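Here the structure is laid out as structure tokens; the discussion comes afterwards.
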Amino acid sequence: MAERIPKIVVVGPVFVDMAVKCQSIPTPGRTVEGSSFAYYPMGAGVVRPIQAALCGCEVSVIARVGDDCFGQLVKKNLSQYNINTDLIYTSNAISTGTVITLVDPMGENSICACAGANRTIGRDEIEYAAAEQLIATSDVCLVCGQLPQEAIVSAIRTAQVHKRRVVLDVCLPNHGRNATVGLNWPMEFFNADVLIVRFADFTCASELGAGGIAELKSVGTELVAKGANCIIMTLGWRGALVADRQGGRHIPGIDMEVVDNSGAVDAFCGALAACCGARDSVDAAVRFAVAAEALTRSRFGVQDALPKKEEIITLLQRQPD
């Protein structure tokens, strides 16, 4: 990663996760006693900008929160990492996005997520003069595909007008050979400089079974044929697949103990955007992101697990050529 200070704008959802540890997850009509309670900001609009900031970037966030204590908590949390929160808008009469997690002693959990103010972000927030100026002066606009489509399209168009690089994270329902059948993405999605593609039917390449990697390569090739510039598919501890006009290639993973997967994908996306902002090559950016993801998986927690740039570089230097 080059020794310059990239400017990254992250457009993504923010949540506050409220986690309760309990002896068992209650069935309908039953109440159980909890043993501990914790709450902390999370979501792509929180974890990814923090990872980019830890990689030495100047980071700003465009998002929406509710007019409540959780919205203030999100802003305060990001400000601790010197992240610009001026364009985290406040929605009246609607709550900040929340996630309620019940965890039993075996680590099994039940989750209820409420998008809250994340549902209300749209064109107005992106095309607001201050937001457009922020994107226009950035190196990379990192956009999360979990937002309303109107906001995603507006962010991509704004970045393209000002010739800024766009990294877009999207999710497909499955990784099979029919994964792109009936795909109805707006054409702006294919105009992104980098598409980070995840799949809803697995969390790690070890779950794919025989022929799974070949199917993923096929999906990447099809997306490039449909007009995508560069496809990157995360494979967990197996690394990542890259597909572009030069073909498909596998960037190997880094063998480390897996402790917690919670912040892994966000670490990958934030670190990748940081490298793209520093104008590194795609393959170099993916290697850096794979190392960030591996370090995050080897630690407990989400924000506390995110690595600094120096840690990522040290891990990469230890890898065989």
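Just so it is clear, none of the values below were taken in a lab; they were calculated from the coordinates. Computed from a prediction, not measured in an experiment: that's the story for all the values here. Cβ: placed from backbone, ideal geometry, glycine included. Neighbour counts: every protein chain shown.
Would you please report the Å³ per residue occupied by the convex hull of the alpha carbon atoms in region 63-182?
Details: hull volume 20.2 nm³, N = 120.
In region 63-182, the Cα hull volume divided by residue count equals 169 Å³.
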| DSSP-loop GluC sites (Glu not before Pro) across region 10-116, with at most 14 other Cβ within 10 angstrom | Glu33, Glu108
| note | Relative contact order of the chain (C-alpha contacts under 8 Å, at least 6 apart) in percent is 17 percent
| request: May I have the count of lysine pairs in the chain with C-alpha atoms under 27 Å apart, counting pairs 8 or more residues apart or located on different chains? | output: 14
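Calculate the tail of P(r) for region 100-154: the fraction of all Cα-Cα distances greater than 14 Å, expressed in %. Present the calculation step by step, with values, prior to reporting the outcome.
Working: 982 of 1485 pairs.
Everything past 14 Å amounts to 66 percent.
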| remark: Restricting to Cα pairs under 8 Å and 6 or more apart, the percent relative contact order of region 1-67 works out to 46 percent
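Could you give the dipole magnitude of region 98-206 about its Cα centre, charging the beta-carbon of Lys and Arg +1 and that of Asp and Glu -1, in debye to the nearest 20?
Working: 8 positive and 12 negative charges, 62 e Å.
In debye, rounded to 20, region 98-206 gives about 300.
Counting helices only, and only those DSSP H runs with n ≥ 4, report the 222 nm mean residue ellipticity of the chain as the sum of -39,500 (n - 2.57) divided by its residues, in deg cm²/dmol to the nearest 500.
Numbers: 10 runs with 105 residues, N = 321.
Calculated mean residue ellipticity at 222 nm is -10000 deg cm²/dmol.
Counting pairs of alpha carbon atoms under 8 Å apart in space and at least six apart in sequence, what relative contact order in percent does region 77-185 give? Spell out each step's value before the answer.
Numbers: 115 pairs, mean separation 20.3, N = 109.
Once normalised by length, the contact order is 19 percent.
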| Along the three principal axes, how long is region 118-273 when you take its alpha carbons, biggest first, rounded to the nearest angstrom? | 50, 35, 30
| field | the chain - Kirkwood radius from inverse mean 1/r over Cα pairs (Å) | value | 20.0 Å
| task | For region 10-139, would you read off the P(r) tail past 21 Å as a percentage of all alpha carbon pairs? | result | 46 percent
| said: Between Asn261 and Ala129, how high is the FRET efficiency from 1/(1 + (r/R0)^6) when r is the Cβ-Cβ distance and R₀ = 30 Å? Nearest 0.05. | reply: 0.15
| How much length is gained if the chain between Ser24 and Ile100 is pulled fully straight, taking 0.36 nm per residue apart and subtracting their Cα-Cα distance, in nm to one decimal? | 25.8 nm
| Modelled label-to-label distance, Asn109 and Arg4, 7 Å Cα→beta-carbon offset: nm? | 3.9 nm
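So in region 169-321, what percent of DSSP beta bridges are antiparallel if you round to the nearest 5? Each step should come with its number before you reach the end.
Details: 11 of 18 bridges.
If we restrict to bridges inside region 169-321, about 60 percent are antiparallel.
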| remark: Computed from the beta carbon distance with a Förster radius of 35 Å, FRET efficiency for Thr90 and Gln317 to the nearest 0.05 stands at 0.20
| query | Given the Cα-Cα distance of Thr221 and Arg279 and 0.36 nm per residue of separation, how much length would full extension add, in nm? | reply | 18.5 nm
| DSSP bridge orientation in the chain - percent antiparallel, rounded to nearest 5 | 40 percent
| request: Could you please state, rounded to a whole Å, how far the C-alpha centre of region 213-291 is from the C-alpha centre of region 1-68? | output: 22 Å
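Expressed in nm², what is the orientationally averaged projection area of the convex hull enclosing the Cα positions of region 194-321?
Values: hull surface 31.5 nm².
The directionally averaged projection comes out at 7.9 nm².
What does the highest-first list of 140-147, 114-121, 221-228, 301-308 look like by mean Cβ count within 10 Å? Present the calculation step by step, with values, prior to reporting the outcome.
Details: 140-147: 26.0, 114-121: 21.2, 221-228: 17.0, 301-308: 18.6.
Put in order of decreasing packing, that is 140-147, 114-121, 301-308, 221-228.
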